[in-house]
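The values are calculated or read from the model by the stated rules, or taken from the named source; none is laboratory data. These numbers were taken from a predicted model, which means no experiment stands behind them. We place every Cβ from the backbone using ideal geometry, glycine too, and count neighbours over all the protein chains shown.
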Amino acid sequence: MSELHEPLRFDARALLAGGGPAKVTLVGAGPGDPELLTVKAAHALRAARVVLHDSLVSDDVLALLPPEAHRIYVGKRAGCHAMSQGAIIELMLKLARAGHAVLRLKGGDPYIFGRGGEEAQALAEAGIPFEVIPGISAAQGAAASAGMPLTHRDHARALVFATGHLRGEGENRSLDLDWEMLARPRQTTVIYMGLGTLPIICEQLMRHGAPPSTPAAVVERATCPDERVIDGTLETLPALAQVHGVKAPALIVIGGVAALHEQLAPAKRALAMA
Ligand code: SAH
C-alpha cells in the first residue's frame, strides 16, 4: 500500500471523456472492529483507488484496501493535525476534479462528530457528486460491546450525544454545553472527545442537579480487542480514569444504563467462550 508520496497521475481518460469530476464517497469505518463495517462500506473499500483517512480508522479496516490503493493520512494524532480541515477539503475537491474517485474514510459514522457534514457541504457547493455510507458510531459499538443499552425503559427514555471538545483558543477555550439539558434524569448522555475534560463534565453535571451517584463509565477503544471499561459515578469517574491511565479514543457514558455493564457484559464473555 503506498502512502502517496509519489505524485498521483491524473486520470486522463476520465478528463478527456469530459465526464466531469469523479465521485467522492464518505464512508463510515465503524468504531474499530472491521466486522462492524456495513456490507456497502466493505464493497467501497475493496474498490478504492484513492483514500483519505483519519487516525481513528483501525489498521484492521485499512487492511481491507487493495494493495495498489493510494492512502493519504489526513488525521490528527495527539492533538497534532496532519492537515487542517480546510486543507483536507481542498485536497478532496482537487482530486475529484482531476477525475479521481475518492474514498473519504472516517471513524465511526461520517455524520456524527466526524465533520462529514462540512465535507458534504463543500462537495455539494462545488457540484461534485458524492455518496455517504453510514457507519456504526462509537456509541453504538460501545453500547453493544460494553453492555450498556443506550435506551432502556427503566433507565433512559432519551439519548444525547455531545462533544467534550473545547472550543476557542488559549484562555478562551471553553466547553460550551447545555448543562441543564445534559443533567436531566432518565436519559443517557454519551460524550465524545471528552476524556480531557472529564473532570469539568462531571462537576458541571453535578452542579446542574445530577446526583453524584449517577452511574458513569468510560469505554476505551470500544469494540477493539483491547477494549477497557471503567465503571464509576459522576463523583468517582474522573479519579478512576486517571488511576487507570485511560487514553483516547474513549467515550463517556452517563446515566442508569452505564450501571448495566456489570450485568450485561459477562453474558458477552460467556458467549465468546462457548
Ligand atoms: N465519527 C466518529 C466520532 C469521531 S469524534 C463516530 O461516529 O464514532 C472522535 C471521538 O469518538 C473520540 O475522541 C472518542 O470519544 C470517540 N471514539 C471513536 N472511536 C472510539 C472507540 N473505538 N472507542 C471509544 N471511543 C471512540
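Quick one: in segment 155-173, of everything that is in contact with a Gly (Cβ under 7 Å, 6 or more places away or on another chain) and not in a strand (DSSP E or B), which residue is farthest from the ligand (Cβ to nearest atom)?
His155
Is it the case that some residue within segment 262-273 is within 23 Å of Gly108 (Cα to Cα), within 16 Å of the ligand (Cβ to nearest atom), at pLDDT below 95 and assigned by TED's automatic domain parsing to the domain that holds Leu150?
The answer is yes; a qualifying residue exists.
Would you please name the residue that is nearest to the ligand (Cβ to nearest atom), looking only at residues in segment 3-45 that are modelled with pLDDT of 95 or more and under 16 Å from Lys94 (Cβ atoms)?
Result: Val24.
What number of residues in segment 152-181 are in contact (Cβ under 8 Å) with a residue 60 or more places away in the chain, surrounded by fewer than 11 Cβ atoms within 10 Å (Cβ to Cβ) and among the small types (Gly, Ala, Ser)?
0
For Ala146, indicate whether it is small (Gly, Ala, Ser), under 17 Å from the mean Cα position of the chain (by Cα) and more than 8 Å from the ligand (Cβ to nearest atom). Lay out the reasoning, then the answer.
On the way: small (Gly, Ala, Ser): yes; under 17 Å from the mean Cα position of the chain (by Cα): yes; more than 8 Å from the ligand (Cβ to nearest atom): yes.
In short, yes.
Under the condition of being closer than 13 Å to Leu103 by Cα and surrounded by fewer than 18 Cβ atoms within 10 Å (Cβ to Cβ), which residue from segment 72-93 is modelled with the highest pLDDT?
Leu91
Considering only segment 215-247, state which residues are in a loop (DSSP other than H, G, I, E, B) and among the hydrophobic types (A, V, I, L, M, F, W, C).
Ala222, Cys224, Leu234, Val246 - these are the residues of segment 215-247 that are in a loop (DSSP other than H, G, I, E, B) and among the hydrophobic types (A, V, I, L, M, F, W, C).
Which one of these is surrounded by fewer than 21 Cβ atoms within 10 Å (Cβ to Cβ), touching an Asp or Glu at 6+ places or on another chain (Cβ under 7 Å), part of a loop (DSSP other than H, G, I, E, B) and at pLDDT 95 or above: Pro212, Pro149?
Pro212
If only one of Gly117, Gly86, Gly127, Gly99 is within 16 Å of the ligand (Cβ to nearest atom) and assigned by TED's automatic domain parsing to the domain that holds Gly32, which one is it?
The unique qualifying residue is Gly117.
Please enumerate the residues belonging to segment 174-225 that are within 16 Å of the ligand (Cβ to nearest atom), more than 14 Å from Ala241 (Cα to Cα) and of a type in the set (Ser, Thr, Tyr).
Listed by number, the residues that qualify are Thr188, Thr189, Tyr192, Thr223.
Is segment 191-209 home to any residue that is part of a helix (DSSP H, G or I), out of contact with any Phe, Trp or Tyr (no Cβ under 7 Å at 6 or more places or on another chain) and basic (Lys, Arg)?
Going through segment 191-209, the residues part of a helix (DSSP H, G or I) turn out to be 198-207.
So of that shortlist, the ones also out of contact with any Phe, Trp or Tyr (no Cβ under 7 Å at 6 or more places or on another chain) come out as 198-203, 206-207.
With basic (Lys, Arg) added as a condition, the list becomes 207.
Looking through segment 191-209, at least one residue is part of a helix (DSSP H, G or I), out of contact with any Phe, Trp or Tyr (no Cβ under 7 Å at 6 or more places or on another chain) and basic (Lys, Arg).
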